[in-house]
Every structure is written in structure tokens, then in C-alpha cells.
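Take a look at the structure below.
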């Protein structure tokens, strides 16, 4: 296993009879990063997470947490896990629940109480410390679940759709807190979410999964740079005329108009493309509004990757 990795899987597979929920999955997550785990419904994300945290056993392949086999006591000890749909003892107060969960992790009572209060304050639940969890909203339960996952100060925090039940203010507040964890507490965060705009703000690297297999994995920065390479956007006062004027130009590999009318161009030679664009704009008497390198979003990477998978 790589010395820099906190999570590493090789050919990880989970089958239920003939159904392959996870099919030879390869994932590597470096320590001290925030890593996204993304894929369509039914791609195998939740099953993978259950394998990583030791909730179910693999069929074949191997996986490691801090170099320890997944499911082992040492691997479990390093993990804090917040599921997509957490469940609680409804008649317990938030404080008592956290103290109890900390005690189950082997933390002494005094330290457990101090840690529980600290987490309730951090996740903005201190005013509800003495309230019964059964009366909590879905968003409050989600935050309490994250607090529970952090009671024993794990090195790896595994989160499954952590902002799904939060309102916009709650989401932004939580994202800010999570973003600071690697730097402030040395915690690696592995997060699965369908909300790509939030992930893009948060994560350093990402694994894209489909049909139980890794289809792409890299830093978000490198993925964006690779996808944006030799791709440009052009917007003028008369895109239709400019598009026709540019058709067939030798420096242009591909060109199309998006639904919003903006022209997207692929070209290996930016200098020649600039000349061609200015000539087309002048020739058609158009006004140049914007021209530059294409700005790639995580959503663009996701769509492109999944589209390629469907074509293969």
C-alpha cells in the first residue's frame, strides 16, 4: 500500500448472488485530503462505503485503511462514519447520546463529556444538548450523526450525503467546517454526494464510479486542466454568422453552439484561433463579447465521463 494513502482498494468486489454491486473497484485516497466519491444511483457507492467501514464483507479483491485490512479492528478504529440515513435512540438527549457513543469507543467519561460538548458547539447544536433526539429535524439529526462520527477523533471521516437534509445556510456552514478539517485537525474526509456544486467547492480529488467500477480518479485541478485543454468559448452579438464564417478553418478541430447560443471551439493553436476569430468577427460586423479558455466545472467532468462510459 502507498505510504501516502489512507484508503486503497485493489480489485474490490462485492457480489450478491449474480449481481455485482462492486466490480473490481480501484480507489486511492491520500492522507490529509478531502476526496469526493461520485456516481449515478446504483453505481455501487453505498456498497463501497459499507465495505470500507467494515459493515459488510467483500467477495474478493482487497482494501486497506491506514494499511490495515478493511473490516479489521485497527481499520475500524481509524474511521468515523456518518451514514445517509442515521438512526438514533429517540428518547436520549443529544448530549447523552454522544457521551454514550464516545464511551463505546473506549473514551473515559470526563473526556467523553468534554468532547461531546465541544462537538455540539462546533456543529451548532449546543442549545439542544438536553433535548431528546426524537424531536430533532432531519437536518439536526444529520449534524448529530457527524458529531457522533467524530467523538473518538478519527483520522478518516467517511460521510454519505452529509448535507442532504440541511437548509442552504446549514449546508454552507457545514461545508466551511468540513473544509478546515484536514488543516486544523489532520482529518482526511471521504465524502459521497450528489450535489456536485458543493463537492467542487470542498474536495481536492475525486473518484468517479459507475457500474461498480472506477471510471476516473484524479485531483480535481488536473481533471479540469485536462478537459479544458485546447477548448475555448466564444460569444458575440451574432454567433450564428460568426459560426458560419469560422466553418472549415484549418486551426479548428471541432465547433458547436450550446443551448445558450455560445460557441464552443476545440483548437490546438490558440494564436491562429485568435486571428481566425478576429477576422470572423470583423467580416460579419459583429461585436465580440467574450473569448477565452473554457471554464470546466465538476459537473462537466461528471457528464463527460459518464457519457463516455455509456458509449463504450
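Some observations on this one:
- Ordering 302, 89 by the number of other Cβ atoms within 10 Å of each residue's own Cβ, fewest first, gives 89, 302.
- Segment 141-158 and segment 85-114: distance between their alpha carbon centers, rounded to Å: 11 Å
- Degrees separating the helix 94-104 axis from the principal Cα axis of the chain, which is the longest one: 80 degrees
- Cut-off 14 Å, label 7 Å out along Cα→Cβ of residue 184, residues of segment 132-169 by amide N: 147
- Segment 229-311: C-alpha pair distances exceeding 20 Å, %: 33 percent
- By the helix-only formula, in which each DSSP H run with n ≥ 4 contributes -39500 (n - 2.57) and the sum is divided by residues, the chain has a 222 nm mean residue ellipticity of -11500 deg cm²/dmol.
- Top of 254, 117, 148 by mean-square fluctuation, Gaussian network on the chain, Cα under 10 Å: 254
- Note on 29, 187, 215: ascending count of other Cβ atoms within 10 Å places them as 215, 187, 29, the fewest first.
- Taking 7 Å steps out from each Cα toward its Cβ at residue 33 and residue 108 produces label points 3.8 nm apart.
- Simple spin-label estimate for residue 118 and residue 10 in nanometres, 7 Å along Cα-Cβ: 3.7 nm
- 35 Å tail of the calculated P(r), the chain, as % of Cα pairs: 35 percent
- Virtual paramagnetic centre 7 Å along Cα→Cβ of residue 241, amide N under 15 Å, in segment 282-300: 282-289
- Residue of 200, 113, 184 that the Gaussian network model of the chain assigns the largest fluctuation, springs spanning Cα pairs under 10 Å: 184
- Inter-label distance for residue 89 and residue 221, nm, one decimal - labels placed 7 Å from Cα along Cα-to-Cβ: 4.6 nm
- Highest-MSF residue in the chain out of 183, 77, 143 [GNM, Cα springs under 10 Å]: 183
- Net length available on complete extension from residue 303 to residue 173 is 44.0 nm, with 0.36 nm assigned per residue and the Cα-Cα distance removed.
- Using the alpha-carbon positions of segment 29-87, Rg (one decimal) and Dmax (whole number) come out as 11.9, 31 Å.
- Among beta bridges from DSSP that stay inside the chain, the antiparallel ones total about 65%.
- Taking one quarter of the surface of the C-alpha convex hull of segment 143-232 gives a mean projected area of 7.5 nm².
- Gain upon complete extension [residue 231, residue 19; 0.36 nm per residue less C-alpha separation]: 72.3 nm
Taken together, the values in this text are just the output of simple stated rules run on the coordinates, not laboratory data. Just so you know, these numbers come straight off a predicted model, no measurement behind them. Note that we place each Cβ from the backbone using ideal geometry, even for glycine, and neighbour counts take in every protein chain shown.
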